[in-house]
1. Would you mind finding the one in 141, 181, 158, 154 that is surrounded by fewer than 19 Cβ atoms within 10 Å (Cβ to Cβ), under 16 Å from the mean Cα position of the chain (by Cα) and modelled with pLDDT of 95 or more?
2. How about region 103-133: which of its residues are crowded, with 20+ Cβ neighbours inside 10 Å, more than 16 Å from the ligand (Cβ to nearest atom) and not in a helix (DSSP H, G or I)?
3. Scan region 80-102 residue by residue and report those that are touching a strand residue (DSSP E or B) at 6+ places or on another chain (Cβ under 8 Å) and either in contact (Cβ under 8 Å) with a residue 60 or more places away in the chain or surrounded by 18 or more Cβ atoms within 10 Å (Cβ to Cβ) (or both).
4. Can you tell me how many residues within region 220-244 are at pLDDT 95 or above, touching a strand residue (DSSP E or B) at 6+ places or on another chain (Cβ under 7 Å) and more than 30 Å from residue 184 (Cα to Cα)?
5. Right, residue 47: on the phi > 0 side of the Ramachandran plot and more than 20 Å from the chain's Cα centre (by Cα) or not?
6. So which helices (runs of 4 or more DSSP H) stay within region 1-102 end to end and still have 1 or more residues that are at pLDDT below 95?
7. May I ask you to say which residue of 38, 77, 54 is surrounded by fewer than 19 Cβ atoms within 10 Å (Cβ to Cβ) and in contact (Cβ under 8 Å) with a residue 24 or more places away in the chain?
8. Mind counting the residues in region 184-214 that are free of Cβ contacts under 8 Å to residues at least 60 places away in the same chain, assigned to a helix (DSSP H, G or I) and surrounded by 23 or more Cβ atoms within 10 Å (Cβ to Cβ)?
Ligand code: SF4
């Protein structure tokens with residue numbers, strides 16, 4: 001079967017084998033057909049609404065040393081910060097006032113933020129009527145359980161790559177099995193579970209990407225975040241080849257074909273790579289944007305990779321600008337919580 005036929009079949013069956021995914025990933029002539037099919041599936045299953053998640057990056061302190069990440073503990077070039085609980089709560093309040101329905105609390109793996117500290121904060125934030133997404137890395141199951149009981153709804157934990165050897169090479173001291181354990185715990189505890197990968201890591205192959213996409217389906221992921229790998233000059237991978245948007249868009253489009261109704265953000269890394277990167281992503285399967293509402297110096301110092309898009313944009317102006325840009329491509333800001341599975345009329 002040629003790649004056009006495979007894409008057409010996947011648009012209705014939402015299934016592809018590893019070999020079929022590999023064929024499409026390696027076939028550049030069918031890219032426009034792939035993107036168009038992903039856009040149709042996105043429209044059919046999750047509509048034209050784009051759900052916003054207000055992103056609060058509350059600590060850039062991390063105990064880990066992932067080779068691709070500017071927040072790795074060995075990086076002395078970044079100014080470290082840690083918000084206190086009141087600062088985080090105040091930002092959450094602002095998000096609610098600005099009309100956001102969901103906040104994402106994101107940070108490095110910072111041992112300061114124990115479950116004892118976070119649980120009362122989550123309860124207070126929940127009382128604001130917000131859906132809460134956590135993105136704070138690997139924790140014991142009991143922590144995940146406590147966060148869920150305190151009101152957390154969703155959890156993002158990227159697998160980064162399902163190639164175990166590559167994972168352990170770029171995440172020294174971390175265990176692939178523990179990563180999987182965390183994701184399974186999150187699913188079992190009833191979180192809307194998000195995972196995802198970096199596309200373009202040195203040594204990553206198209207076959208590895210095909211396996212990643214099948215992993216998303218096998219996990220029953222509710223959200224998938226895909227970022228093109230952008231080398232950070234203060235990391236061991238600083239000399240990696242120049243990043244490309246296209247492979248990340250292809251993985252995104254295939255993910256939309258196989259998991260038709262999940263939430264897929266157009267990530268900041270895509271916008272950083274190309275000025276129209278976010279818009280392109282929204283037309284290749286994405287239906288979520290995570291505006292960064294972190295304020296002040298913290299906004300600049302959450303330096304996962306260089307040149308993060310919108311680092312200088314005033315948080316309160318973001319929604320208006322987004323609404324205008326979305327209108328140009330026939331999309332609009334969703335008014336509901338934008339959960340998975342999708343609700344009608346939100
Ligand atoms: S990727 Fe996450 S866990 Fe790894 S160093 Fe960066 S912030 Fe820490």
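1. Values: 141 fails: under 16 Å from the mean Cα position of the chain (by Cα); 181 fails: under 16 Å from the mean Cα position of the chain (by Cα); 154 fails: surrounded by fewer than 19 Cβ atoms within 10 Å (Cβ to Cβ).
Within the list 141, 181, 158, 154, the selection yields 158.
2. Passing the criteria: 103, 130, 131, 132.
3. Once the filter is applied, which keeps residues that are touching a strand residue (DSSP E or B) at 6+ places or on another chain (Cβ under 8 Å) and either in contact (Cβ under 8 Å) with a residue 60 or more places away in the chain or surrounded by 18 or more Cβ atoms within 10 Å (Cβ to Cβ) (or both), region 80-102 yields 81, 83, 88, 91, 92, 95, 98, 100, 101, 102.
4. Counting residues in region 220-244 that are at pLDDT 95 or above, touching a strand residue (DSSP E or B) at 6+ places or on another chain (Cβ under 7 Å) and more than 30 Å from residue 184 (Cα to Cα) gives 0.
5. Numbers: on the phi > 0 side of the Ramachandran plot: yes; more than 20 Å from the chain's Cα centre (by Cα): no.
No, not satisfied.
6. Details: elements: 3-13, 18-25, 31-46, 85-97.
Ranges flagged: 85-97.
7. Details: 38 fails: surrounded by fewer than 19 Cβ atoms within 10 Å (Cβ to Cβ); 54 fails: surrounded by fewer than 19 Cβ atoms within 10 Å (Cβ to Cβ).
The conditions single out 77.
8. The number of residues fulfilling the criteria is 2.
The values are calculated or read from the model by the stated rules, or taken from the named source; none is laboratory data. All values reported here derive from a predicted model rather than from experimental measurement. Cβ: placed from backbone, ideal geometry, glycine included. Neighbour counts: every protein chain shown.
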